[in-house]
Amino acid sequence: MNATQTRPFAVITGASSGIGYELAKVFAENGFDLLINAEDDLSAVQRDVANEEVEVETVQADLSNPKGVEKLYARIQKAGRPVDAIALNAGIGAGGDFARDTDFAQELELIDLNIRSTVHLSKLVLPDMVRRGEGRILLTSSIASTMPGTFQAVYNASKSFVQSFALGIRLELKGTGVMVTSLMPGPTETEFFERAHMEDTRVGSSEKDDPAEVARQGFDALMKGKERVVAGSLANRLMAYGGRFVPDRAKAEAHRLMAEPRSSRN
């Protein structure tokens, strides 16, 4: 039996940068062979993540398109190996006034990537895990899932879906040997805010969490079979858990203070 048949195998989406890139690194450090995905070229990431002990393969595919999801799954099948873990991390944001500022096409892309691709890939991969009686799936949610997203309305709603989906299928899979964990980061030092056009906001310009720490916490929670992990700073945990006792209207106003573009206040 060769080494690749004995090493665990993981799939990471959204691995070109940020939390996904760091997840790829931590999985590799823990002896997982990898299939990493992003819509961007991953040659540099492959070189960074690979080491003498693991193999790293790439698949460039846009998961906001169903054909991209099918392309990734075809590569998973071609590997001919059981998926021991999959991190569904690909996602984008969109900030601004929904009725007057934001781009509708970008918001539909957000829904396709954050929600539809998560459901699509889960539907393809989970049945194989259930048949084997083992497997782990890490879904990147957000503390944004716990509050109405004033000036980030579609993004927060998408993460609320992911969070609810993760908890729902986790309970459905009880007793199957398949574990589902949701990773709930707060503001993290990635390209997210630039891509979401949120640099002109309080949260966009504030100090953020280290994506390597967030990824490590997500990996550890997944390996321990935890239901969820609120990653990053203590402030994130206070916001996520303390927010249970705060009315939604108050949380929506607090979110407005963080996410409203400064230019709109002039």
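The values are calculated or read from the model by the stated rules, or taken from the named source; none is laboratory data. As the structure is a prediction and not an experimental result, all values here were calculated from the model. Using ideal geometry, Cβ is built from the backbone for each residue, glycine included, and neighbour counts are taken over all protein chains shown. Keep in mind that these areas ignore ligands, DNA and RNA; they rest on the heavy atoms of the full protein, side chains included. Shrake-Rupley method; radii C 1.70, N 1.55, O 1.52, S 1.80 Å.
An ellipsoid equivalent to the range 37-82, defined through the eigenvalues of its Cα gyration tensor, has semi-axes of 21, 15, 5 Å when rounded to whole angstrom and sorted largest first. With helices as the sole contributors, the chain gives -13500 deg cm²/dmol at 222 nm; each DSSP H run of n ≥ 4 counts as -39500 (n - 2.57), and the sum is divided by every residue. Against the main long axis of the alpha-carbon atoms of the chain, helix 18-29 sits at an angle near 30°. Couplings 3J(HN,Hα) of the range 120-137, computed from phi: 4, 5, 4, 5, 7, 8, 4, x, 5, 5, 5, 4, 7, x, 6, x, 9, 10 Hz, in residue order, whole Hz [Karplus 6.51 cos²θ - 1.76 cosθ + 1.60, θ = phi - 60°; x for Gly and Pro].
What separates the Cα centres of the range 227-266 and the range 10-49 is a distance of 29 Å. Per-atom-type breakdown for the chain gives carbon and sulfur 51% of the accessible area (1.4 Å probe, protein chains only). Among 56, 83, 34, whose Cα sits farthest toward the positive end of the charge dipole of the range 1-109 (+1 at Cβ of Lys/Arg, -1 at Cβ of Asp/Glu, about the Cα centre)? So the residue furthest toward the plus end is 83. Remark: the range 30-40, residue by residue, has Karplus-estimated 3J(HN,Hα) of 9, x, 8, 5, 10, 10, 10, 10, 6, 7, 8 Hz, where x stands for each Gly or Pro and the curve is 6.51 cos²θ - 1.76 cosθ + 1.60 at θ = phi - 60°. Neighbours of residue 216 by Cβ distance under 15 Å: Lys/Arg scored +1, Asp/Glu scored -1, total -4.
Under 20 Å between alpha carbons, and skipping anything fewer than 8 positions from residue 224 in its own chain: which lysines qualify? Candidates past the 8-residue exclusion: 25, 174. Protein heavy-atom accessible surface, 1.4 Å probe, per residue over the chain: 48 Å².
Rg ratio for the range 98-148: its Cα radius of gyration over 2.2 N^0.38 Å, N being its residue count, equals 1.56. In this structure, the residue pairs whose Cα-Cα separation is over 18 Å, taken from 71/123; 71/159; 159/251, are 71/159.
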